[in-house]
Amino acid sequence: MPTLLLIRHGDNEFIARNKLAGRLPGVHLNDKGRQQAAALAVLLAQAPLKAIYSSPMERAVETAQPLAAALGLEVQVRPQLIELNYGRWQGRTFKQLARIKLWKTVHDNPSVVRFPGGESFVEVQQRVAAELDAIAALHGDDELVACFSHGDVIRLAVAYYLQMPLNAYQRLSVQTCSITVLVHNKEHVAVPHINQVAGFEIKPPPPKKEEKKAQAHAAAAAVGPA
């Protein structure tokens, strides 16, 4: 029963700018993403990994490379681990996308959604589950492998193996450079860990407009007249 580590790629400027990268080429890790990939390599440097697989997207391969170098393994690209094809939504900000009528359906009933010029959630879930099963079939009992992919792709895979309704998949969290574990048993696939992140940090919610105004007035009062 091989164990698969599903690892989301590290941070990039599209994430920092709240934009949807999708399959756009040339999306590379930023400084934070490179730091995450380096930290991941240190964390897993002693893990008995037999193979490292990756989505062909640059940000995924770049996240996998430090770990592969530390373990003396090659990054094997698997096209079916690629990001969801968001079609004409790619490259747009989430603020822009939130104005589109389909946005509400994406969140309320994703099982019926096909992105304009792109894939459906059902198709993505089917392809990634088939790919992970195929990767597992390449490895023997007790072997450990890593698969670098993308947030929605990993969440859809987890929902599939947990037999969750596809419409509930967005309740799952998969942060950048997080590790989710799949254990392929003969009877089923177990999911003992989801979204494991080293150095987890809870950030307070951003202040509301009223709080920002109060903070600005307080700061001005503290400075006093010029």
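Here are the numbers:
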item	result
Region 159-176, subset assigned to a loop (DSSP other than H, G, I, E, B) and over 12 Å from the mean Cα position of the chain (by Cα), residue farthest from residue 196 (Cα to Cα)	165
Filter result (touching a Lys or Arg at 6+ places or on another chain (Cβ under 9 Å) and not charged (D, E, K, R)) within region 141-158	144, 145, 147, 148, 149, 150, 151, 153, 154
Per-region count, region 38-97, residues in contact (Cβ under 8 Å) with a residue 60 or more places away in the chain, among the charged types (D, E, K, R) and surrounded by fewer than 21 Cβ atoms within 10 Å (Cβ to Cβ)	4
Subset of region 172-199 (residues that are farther than 22 Å from residue 134 by Cα and small (Gly, Ala, Ser))	173, 178, 198, 199
Residues being farther than 22 Å from residue 16 by Cα, of a type outside the set (Lys, Arg) and at pLDDT below 95 - total across region 194-220	9
Any helices (runs of 4 or more DSSP H) falling wholly within region 56-143 and containing at least 3 residues that are touching a helix residue (DSSP H, G or I) at 6+ places or on another chain (Cβ under 7 Å) and more than 22 Å from residue 174 (Cα to Cα)	none
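The values are calculated or read from the model by the stated rules, or taken from the named source; none is laboratory data. These numbers were taken from a predicted model, which means no experiment stands behind them. So basically every Cβ, Gly included, is an ideal-geometry build from the backbone, and we count neighbours across all protein chains shown.
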